[in-house]
Amino acid sequence: MQPTGEQTAGIEFETLRSYTWWVALTAAHPFARLKSLTLEKLVAEPLIALRHKDYSEYHRILERIFAPASAKPLIAVECDSASSLIMEVEAGHGIAVVTANLKLMVASVFSTDHWPA
């Protein structure tokens, strides 16, 4: 994460760690049977996301992920925590784009190793 705005003027940032991004979906989702997933397929899906008010960097990352498809994410539900995000995915309300950290925490939701970009 890198802060933006005037408060960061003159501050240099260095990447300490980067994470792989994954698509979280239920085993019942039609994408679960696919061997790979394109970004073009992902843009039409309802997305479960972390709440923009609390996770603005996450939304900037989503915008960068969806930019090659010239699309904005179709956000169906915003959640206040990772656990509520996973509950929404498990309930079948959409899919989520998350880091590998979350994949390790809740492997039951990740029926495949799809990543579109």
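Quick note: the coordinates plus some simple rules give every number you see, no bench work behind them. Treat the numbers as computed from the prediction; the structure is a model and nothing was measured. FYI the Cβ positions are ideal-geometry reconstructions off the backbone, even for glycines, and counts take in every protein chain you see.
The table that follows gives values for the structure above.
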| read-out | value |
| --- | --- |
| Extension reserve of the ALA27-GLU12 stretch, reckoned as 0.36 nm per residue once the Cα distance is removed | 1.1 nm |
| Net lengthening on full extension, LYS72/LEU34 (0.36 nm per residue, minus Cα-Cα) | 11.4 nm |
| Amide proton proximity set for VAL43, modelled H, under 5 Å, gap of 5+ | none |
| Additional length obtainable on full extension of the chain from SER56 to HIS93, 0.36 nm per residue less Cα span | 11.2 nm |
| Peptides ranked, highest mean first, by Cβ atoms within 10 Å: ranges 90-98, 70-78 | 90-98, 70-78 |
